[in-house]
Amino acid sequence: MRKFFYIAGGLLFTILLVFGFLSYYFIFRPLPTTEGTIELAGFSAPVKVFRDRWGVPHLYAETEHDLLFAQGFVQAQDRMWQMEANRRLAAGRLSEMIGEDALDLDRLLRTLGFVRAAAREIAAADPHSRALLEAFSAGVNAYLQRHRGNLPLEFRVLGVDPEPWRPVDSLAWGKFMAFMGGKNWQEELVRAMLANKLGAGRAAELLNRIGSAAPSAAISGSAVSWSDPAPAALAWTPAGGGGSNNWVVHGSKTASGAPLLANDMHLPLRVPSIWYEMHLNGGGLDVIGLSLAGVPLIVAGHNPDVAWGITFAYIDNQDLYVEHLDPTDSGRYRYRDKWLRAASIQEPIRVKGRAEPVIHRVWETRHGPILNLAGEKIDGRSQALAIRWTAHDPGNMMENLYPMNRASSAEEFCAAASRWTEPAVNFVFADTGGTVGYALGARVPIRELGHGRGPFAGWRGENEWKGTVPSQEMPHFQNPENGFVATANNPIRIDGFGTYLSDDFAPGYRAARIEQVLAETEKASASTFRDLQADLFCPPAGPFLDAIRDFKARSAAAKRLMELLLSWDRRLGPESVGGAVYMVLFHRLLENTFRDDLEDLTERFFGVGLTAVQPLNRFSGHSRVILHSLMQEPGSPWFDDIRTPERETLGIVLEKSLEETAVFLEQRLGKDPASWQWGRLHQVEMAHPLGRVKPLNRIFNIGPFPGDGHFSTVAQSSVMPGMDFSLNGWAVSNRHIFDPKDWDRSLASIVPGQSGMLGSRHYRDQVDLWKKVDHHPLYFSREKVEKEAKQVLNLIPPSQ
């Protein structure tokens, strides 16, 4: 027996020893050096990097080149794998890593041509912008050279040998993010599908309820095809659309007498965070806030004089054009009275497991690339859709991000923001002199027809663009009379600005709630802002409950649910029973109202996206607004199920939906209504791309745990359409509160943490802050930064 224990103990010791060695070699050995001294060729003088307890690096350099070089190096220390995955995603090169599962996605991405557009932008950029990108790239490459045999675990698992970083990689990721925030082409196509399915008249009955209209161009069934989002591909798309909130309050309405600014952006929750917090000081720059991994400078934050926050503006900067093709001559298309030749671009796609690359041919008409979404050839087709998008033309990302980072006043910042091109964003800003304001940063097309409700008849030259709105005419204002500015992807009405902006803004629920709270608050503070960022009040629940309040349920199950609904406080907290009933019931009402008419188009109308890079379209909000509107007309023919001989009304549909809701909740959560909590349905799991494979999910992923909120709450979250109510869309990805009176009182958080390195203490250390809607300090003064530093790294030129 003693011998058995000796043998067993020896085996256990050996297993633990091997496990410990493997953990060290693959997980802990690649962790970055964050203390001491590193010699790197490329610096002209030493750079200091102070990291606080949350892993936020504060970089101090003497020259601008050294600062950008250090930014690239430090970002790569914490996020090199994410940067590699992101650049491959933007370039349509995922198949090289994961094989056939990503081939259709790569074809789409090559068609959209983010890398081609980025290359054009670099070619048109001024020398200073190129120098910024080159210095940043050199810093990333210094990391790659130093860690060539010691890269993060993901490189080893997938067998990836990273190429040198290039400026085009940074700008291509910026183009990808612009596409995520400007996906109006999907809504145009869904509107066209509705018109084809229902006829223009009936489609207009629905679309008019969201202030839109049916398109004018007829589209044949062969004009476009698509692949449903595949789970394997979805794991690699960390930025599949989203929303955001920002607001700024004038000092006349704050407790401190100085402005306060808040910003939280809503994106899919992934590991690691899309955001990376940094402080850059040197060469005339002193700016802190959020950066995008792989991109220089700061996207949203503050410098010594100005703070700013951003939200996607949902501007319509994309149009679809129906092209008439010559089925006998591939690549010829009709434009007015002529046949033109489309540009042909060959894109070789290397696929893991294949000896030879797949040759993907991209056709570009005068309007843009043809969207053969599932990779089919256009040979023999009579119609196809081409996409026109402002970001296909050279923009000025670096040329305007830099002056925003350096702005010394609200006026300087507003001027730079008004010249911004993509992504289309709403800027709110405040300076230390007390000025607050708003600026729309986007290229807004000027169209012949004055709107963008496509698709348009490309063969007729219908609704061509005549340029974009000049920067000096872009919407902007300062110091509004009400004392605050708030945006939440909603329509922004500017007196005197008449150019069409979009039909596809988010419903105004979040913006209205923010404005209501700010208007009712006499003296706002950071605490007020924190409470507002945590707000779970559901504004559309009010009119919904009013519409059903007098309904007399027949079945016991329906009566019980009505009691729960009418006693609900209209907040979508994780423990809310009424909230769970409301969310499930609303989807059953959608299904029972529209499925009979829309059939196979139903999912698109409910918001399912057409591609893996954009798994949700904005009909996720539009369809809900349309149903709310119809509920004010209980006898509307839309409630009638055309598959039955009876004529159904809202009351009949509601009874059926209540009974279905009761069955669903009992099956999913048990028979006790006390257990029907929203957070139990709305589970959150922050997924790493490798976590889609079991049992790696237990190693790389974070969660699951109960979530809260929904599309309409200030603390926003979202779901994919259907009866899976998991938080699998987007949610709050950061929370910032900037205090121009004392920058050291500013607050911040990202989720799940600063590091993308498994084994780092900062891999998930901000998850609890996210759950509690809490923040960490974001120190700015050199004195505070040095005092609170937990690690100090010296980056120096090689010794002579």
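The values are calculated or read from the model by the stated rules, or taken from the named source; none is laboratory data. Just so you know, these numbers come straight off a predicted model, no measurement behind them. As a convention, Cβ positions derive from the backbone with ideal geometry for all residues, glycine included, and neighbour counts pool all protein chains shown. These accessible areas exclude ligands, DNA and RNA; they are computed on the full protein's heavy atoms, side chains included. Shrake-Rupley method; radii C 1.70, N 1.55, O 1.52, S 1.80 Å.
Go ahead and collect, in residue order, the members of segment 46-80 whose backbone nitrogen is under 16 Å from a label point 7 Å along the Cα-Cβ direction of residue 772. Residues 53-54 qualify, since their backbone N sits under 16 Å from the label point. For segment 37-53, putting each phi into the Karplus relation 6.51 cos²θ - 1.76 cosθ + 1.60 with θ = phi - 60° gives couplings of 9, 10, 8, 9, 5, x, 8, 9, 7, x, 10, 9, 10, 9, 10, 8, 5 Hz, in residue order, rounded to whole numbers and with x for Gly and Pro. Projecting the Cα atoms of 147, 402, 446 onto the charge dipole of the chain, computed from C-beta unit charges around the Cα centre, puts 147 farthest toward the positive end.
Were the residues from residue 567 through residue 761 laid out at 0.36 nm apart, the gain over their Cα-Cα distance would be 65.5 nm. The GluC sites (Glu not before Pro) found in segment 544-647 that occupy coil by DSSP, while having at most 13 further C-beta atoms within 10 Å, are 646. Taking the charge dipole of the chain about its Cα centre, with +1 at Lys and Arg Cβ atoms and -1 at Asp and Glu Cβ atoms, the residue from 204, 621, 371 reaching farthest to the positive side is 371. Over all directions, the projected convex hull of the C-alpha atoms in segment 584-698 averages 9.6 nm² in area. Largest first, the extents of the alpha carbon coordinates of segment 405-482 on the three principal axes equal 54, 28, 18 Å. Between segment 456-535 and segment 724-797, the C-alpha centres lie 28 angstrom from each other. Sorted from greatest to least, the principal axis extents spanned by the alpha carbons of segment 317-446 come out as 66, 46, 19 Å. Each label point was placed 7 Å from the Cα along the Cα-to-Cβ direction; for residue 338 and residue 408 their separation is 5.2 nm.
If we sort 255-261, 439-445 on the protection proxy, mean other Cβ atoms within 10 Å, highest first, what's the order? Please list the in-between numbers first.
Details: 255-261: 21.0, 439-445: 25.1.
The peptides rank, most packed first, as 439-445, 255-261.
Each Lys and Arg adds +1 at its Cβ and each Asp and Glu adds -1 at its Cβ; summed about the Cα centre, segment 421-548 shows a dipole of about 260 debye. Segment residue 208..residue 45, full-extension length gain: 52.5 nm, with 0.36 nm per residue of separation and the alpha-carbon distance subtracted.
Which links in 741/772; 183/338; 175/466 stretch past 28 Å when you go from one Cα to the other? Present the calculation step by step, with values, prior to reporting the outcome.
Numbers: 741/772 26 Å; 183/338 31 Å; 175/466 22 Å.
Table pairs above 28 Å Cα-Cα are 183/338.
Size descriptors for segment 473-545, from the alpha-carbon set: Rg then Dmax equal 14.4, 43 Å.
Coupling constants for segment 160-173 follow from the phi torsions by the Karplus curve (6.51 cos²θ - 1.76 cosθ + 1.60, θ = phi - 60°), and in residue order they are 9, 10, x, 7, x, 6, 10, x, 5, 5, 5, 6, 5, 5 Hz; glycine and proline get x. Seen through its C-alpha gyration tensor, with square-root eigenvalues sorted a ≥ b ≥ c, segment 705-783 comes out oblate because a/c lies at 1.5 or above while a/b is not bigger than b/c.
Computed over segment 529-572, the P(r) curve from all C-alpha pair distances, binned at 10 Å from the origin, holds 25, 44, 22, 8, 1 percent per bin. Electrostatic bookkeeping for residue 160 treats Lys and Arg as +1 and Asp and Glu as -1; over the other residues with beta carbon under 11 Å from its beta carbon, the sum is -1.
Take every Cα pair under 8 Å whose residues are at least 6 apart in sequence, average their separation, divide by the length of the chain, and the relative contact order is 19 percent.
Using heavy-atom solvent-accessible surface (probe 1.4 Å) with all chains present, what is the largest-first order of 550, 78? Kindly include the intermediate steps, with their values, before the conclusion.
Values: 550 125, 78 10 Å².
If we order 550, 78 from most to least accessible, we get 550, 78.
Which number do you get for Rg(Cα) / (2.2 N^0.38 Å) in segment 386-446?
Compared with the compact-globule rule of thumb, segment 386-446 sits at 1.22.
Charge tally around residue 464: other residues with Cβ under 13 Å, Lys/Arg +1 each, Asp/Glu -1 each, net +3.
Pop the C-beta distance of residue 723 and residue 366 into the FRET formula with R0 = 30 Å and round what comes out to the nearest 0.05.
Values: r = 44 Å, r/R0 = 1.48.
After rounding, the FRET efficiency stands at 0.10.
Pop the C-beta distance of residue 674 and residue 156 into the FRET formula with R0 = 30 Å and round what comes out to the nearest 0.05. Here the calculated transfer efficiency is 0.05.
Could you tell me which residue out of 732, 712, 697 lies farthest along the dipole of segment 692-784 toward its positive end? Charges go on the beta carbon: Lys and Arg +1, Asp and Glu -1, centred on the Cα centre. Of the listed residues, the answer is 697.
For segment 109-171, what is the relative contact order in percent, using Cα pairs closer than 8 Å and at least 6 residues apart in sequence? The partial results should precede the final answer.
Values: 25 pairs, mean separation 33.9, N = 63.
Answer for segment 109-171 is 54 percent.
Where (1) 26.9, 95; (2) 34.7, 119; (3) 28.2, 92 are the candidate values, the label of the one calculated here for Rg and Dmax of the Cα atoms in Å is (1).
Can you tell me the dipole magnitude for the chain around its Cα centre, using point charges on the Cβ only (Lys, Arg +1; Asp, Glu -1), in Debye to the nearest 20?
Working: 84 positive and 91 negative charges, 346 e Å.
Result for the chain is approximately 1660 debye, rounded to the nearest 20.
Taken along its principal axes, the alpha carbon cloud of segment 248-339 reaches lengths of 70, 32, 32 Å, longest axis first.
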